[in-house]
Structure formats: C-alpha cells, structure tokens
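Quick notes on the structure that follows.
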Amino acid sequence: QVTCIEVVEAYVERIKEVNPLINAVVKDRFEEALQEAQQVDKLLSEGPGDDYLEEKFPLLGVPITVKEAFSLYGMPNTSGLVNRRNVIATSDATVVSRLKQAGAIPLGVTNCSELCMWYESSNRVYGRTNNPYDLQRIVGGSSGGEGSVLAAACSVVGVGSDIGGSIRMPAFFNGVFGHKPTTGVVPNDGQFPNAHGVRTSYLCTGPMCRYAEDLEPVLRVMAGPGVSKLKLNEKVSLEKIKFHCMDHDGGSIFVSPVDKEILLAQKKVVEHLESDLGVRVQRVAIHKMKYSFQIWSAMMSSKDGEGQEAQRFTDLLGDHGKPVWPLWELMKWLVGMSSHTLPAIALGLTEKLVNLNLSGKAKLVSMGKSLQEEMEALLGPDGVLLYPSHPTIAPKHHSPICMPFNFAYTAIFNVLGLPVTQCPLGLGSEGLPLGIQLVAAAYNDHLTLAVAQYLEKAFGGWVLPGKV
C-alpha cells in the first residue's frame, strides 16, 4: 500500500523529530538509506514475483538500526571509546551483512556504553541516551541506543549484543522485545570489543524489536546456516509447555530487592497462563541463583579449555595503545581530566580484585556448571521459566553506580548459555515499562518466542511513549 521510499522517509522524519531528545542515533546514513529505498521500489516495479522476493529478500525494504559496536560500512565503530573516535568501519559485521542481503535498510548506528560493559548507555564520545518514557531515566546498556530508538518508533528492528543482559535490560527499560539466542548460533564477528577465550561462549548477538512476531524472521536471517540448530519450524502447543516461576534470586546481598510492581506484573502473568491455558505454573526456588553475580563474574574471568586467560578490560580500554591504570584514571576523573567514564574506571579497579581469591573463584565456576545442569534438567525439552528482567524499573540517570550488580538478573543466563526472550508487560504506575524474562533450555528458542507472542496479545506489548 505504500512505497519503500515513503516508509524510509517516515522513519527518517521520526528520528529527526525525537533524536534531539533521546540522543539514540549517533550517526545516520539517511541519504544512502533513501537511495536503497528507491532501488527496492524499482525492484518491486519490475515485478519478479512476490514469492521469489519473499524467499530471496525476507526483510526487503525494512528500516533497521545497528548498535554502534557493530561494523556497518562507512559508519563509526568506537564503542564509546575516545581513542577510537576516528575509527570508521570498512566492512559490515556478519549479522549486518546478512540483514542487508535479506533486503533490510540500515538508517544509522546507535549509542552504547563505553566498551559495552555497563548498563547505562553513556560515553565520552556521544554523551548520554535518554529513555523515551522519561528523559530523566536510563535506557540500559549496552545496547541502550537500540532500546531507546525502537521504543520511540524510530526503527523497526535493532541489532544488539548481550554478554550480561545488554539486549534484555534495554529491551526491558524501554518496553520492547529482545531475544538473547542460545549461545553459538548467531555469529558475533565484526563487533568491537569482540569476545575472546571463555567469553566467546557467553557473548550473544540477537534481535530487538517492538513486535514479538518480528523476532523469529530476524533471528533466522541473523543465524544464517546456524538456524538449523534451532527448532523454529516446530509448532508450539502452549498448553503442553511446563511453566516454572521464580519471583527473585533468593536474596543476594549484592542486588536490590525486586520492586513490588514487577512482582505484581509477574503474578498477573502466572494467573493469566493458569486461567487461560489451564496449565499449572510450578513455583521453584533455585538456591544457586542467589550467587548469580559471583558466578557470572568468576566465569567471565576464568581460563578457557586451552588455558587461555580472559582478556583484561584495562587492555581493551587502551585499545592497542598504552595500558590504562584505573587508579590514575580515577584521580584524573575526579578533576575532569579522564577520557573514560566512571563505570569503566570502576570496572578496571574491580577486575584486579576478582583474581585475588583463586580458590573461591574455582568454587564459583564449579557452582556455575552445576547450576547449568540443574537448569537444563528443570527445563528439559518443554519447559519455560518466568523470571524478573531486573530488580527495578528504569532507574534515574547515574543511579546504577549505586547499585552496580543489579544486572545479575540477566547476566546469569549468559554463562548458562540459555535462550531468553525479554517480553514487555505494559506500563507501571510511573508510566515506565514493566516486563519479564522467558527462559528455556539450550536450542529451545522457539518456546520462548512463542510465549512472547502469546503474552503480547494478552498484555498489549509495546506502548507508544506519551500515549498514556
């Protein structure tokens, strides 16, 4: 009913309208996008047939945005690091290339946290990104620009990556859908920083979008040949899923208690599943989840199977230049002289502490492996776990520094390698998004994607900011 150029023009105008407020798109490629839209319209007018086009270009003419940490030809690729401010991508990351080949049209790149290792998207290159529901609130990180741009209706699909919740936290805080696939299915090539050593098993690239039904087709394109490992063609019978529910992590001393509104939203999901599907949602208490932050931290810094050490964050901060001394950077930061953000400096300082207690670390790694076995046994071939996405709704700017370990609610599933879909559940009393994580056993992504579509119909999914 509309031309591709009309669609792309509408999204370009929307970005121009709201980006001055949210600061999500840090570099656009509007001219190239409009030229690509013209080519799509030309292809459609030549009429090779809808079936052929749908098979060859499943995302033909769909406007997308890409996290700036991924290479997108001709666009900056700094990951918020000041000494990379002149780096321009000379090729496309594998997933970006696959999306382009499927017909998608990138509109630009979006903001992230410095080196993608913090849950507020703010850095010394592009500044801070704001939440469309309340500009005084964070968008999450590290794929925070994507969460913000999607929530503000500036893009259809976003490319995100996730090593501790970097897709799911922004999706939760901004009221959109995000999927962290089963580890090792979607390639991570072409992003900075990329994972090395043991972390290659924890980093995941995945789709973010406003509508649940868009997750699967985009995941198929992103996964390429790897999609054969997933069961996306299997029909899911929701009544046959074994649902489990856990309200909180069991009371970790490092993490905030879960907000009452988030608990209430989860309770409503349980009640709806039981009354509408006639299933029984099993309450579970998995004791080891209480140590989520410690397990994630220990496993992230452990050696891989070949004895290779995990890459140090301070080396990444230097980016092939001089090594960064966190204590010295902290002194510089206090007088406004550091080119790094406070969270990045703090992470550099804490990194050294983790390796001081090696026997304690080994115990935590062992606990993580045992938790993985426990989870796989619990979920099996037909189980889905309901679990909070985060202990609080979107916090105010800077406040994550006072509660730095709250990302443990998402991070634990990275080291367990499980697929997770973040699903919005409408807005709370302050007009901020609520949501829930849907977790399945490895390679059962089709279960969480199906439940997300079901809950979208029941709870309304994405809500346009300012509509209330």
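When restricted to Cα atoms, region 357-447 yields an Rg and a Dmax of 15.6, 46 Å, respectively.
Building the convex hull from the alpha-carbon atoms of region 22-162 and averaging its projection over directions returns 8.6 nm².
In the chain, the DSSP beta bridges split such that about 70 percent are antiparallel, to the nearest 5.
Rounded to whole Å, the principal axis extents of the Cα atoms in region 236-292 read 38, 24, 16, largest first. Legend: distances between Cα atoms for K268/K361; K363/K396; K260/K363; K242/K290; K27/K396; pairs beyond 27 Å are K268/K361; K363/K396; K260/K363.
Each part reduced to its alpha carbon centroid, region 216-246 and region 3-55 end up 29 Å apart.
Solvent-accessible surface of protein heavy atoms, probed at 1.4 angstrom with all chains present, puts I5, I412 in the order I5, I412, largest first. Taking a ≥ b ≥ c as the square roots of the Cα gyration tensor eigenvalues, with a/c under 1.5 meaning rounded and otherwise prolate when a/b beats b/c, else oblate, which class fits region 171-232? Oblate.
For the chain, hydrophobic long helices are taken as DSSP H runs at least 15 Å long by C-alpha position along their axis with mean Kyte-Doolittle hydropathy of -1.0 or more; these are 4-22, 30-46, 260-272, 342-354, 358-379, 445-459. Dividing the C-alpha radius of gyration of the chain by 2.2 N^0.38 Å, with N its residue count, gives 0.93. Rolling a 1.4 Å probe over the protein heavy atoms of the chain, with every protein chain left in place, gives an accessible area that is 54 percent carbon and sulfur.
Based on alpha carbons, the Rg and Dmax found for region 137-186 are 10.2, 33 Å. Per residue, the chain exposes 41 Å² of solvent-accessible protein surface, assessed with a 1.4 angstrom probe and all protein chains in place. Working note: Karplus 6.51/-1.76/1.60 with θ = phi - 60° gives region 392-399 the couplings 10, 6, 3, x, 6, 3, 6, 5 Hz, where Gly and Pro are set to x.
Taking a straight line from the alpha carbon of K229, these aspartates and glutamates sit under 18 Å away, with near neighbours fewer than eight places off in the same chain left out: E216, E376, D382, D445.
The values are calculated or read from the model by the stated rules, or taken from the named source; none is laboratory data. If you're wondering where the values come from, they're calculated on a predicted model, not measured in any experiment. Accessible surface is based on the protein model in full, side chains and every heavy atom, while ligands, DNA and RNA are left aside. Shrake-Rupley method; radii C 1.70, N 1.55, O 1.52, S 1.80 Å.
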